[in-house]
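Computed from the coordinates by the stated procedures, all read-outs in this text should not be read as laboratory data. Please read these numbers as outputs of a predicted model, since none were measured by experiment. Note that each Cβ is placed from the backbone with ideal geometry, even for glycine, and that neighbours are counted across all protein chains shown.
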C-alpha cells in the first residue's frame, strides 16, 4: 500500500497531506496528476526472468554460423 503526498484536494484531505492509498487508488490519483510525491513506494513484484533461446551444442551448424 503506497503512501503519498497529495498535490490537490482528495475527499476531505487537503494538498500536502500524506495518506495511505490502495494500489488502484494510487494509479488513479497518479493518472489524474493529484500525487505531489510518493513518500513510500508500493512493493514491486520481482521481474519475470527472460527465457533464453535454446542453447545450441558447440558443434551444431547454428553455433558454427555464429562464429563466422
Once you place label points 7 Å from the Cα toward the Cβ at residue 25 and residue 41, how far apart are they in nm?
2.2 nm
Could you check the simple spin-label distance between residue 1 and residue 18, using points 7 Å along Cα→Cβ, in nm with one decimal?
1.5 nm
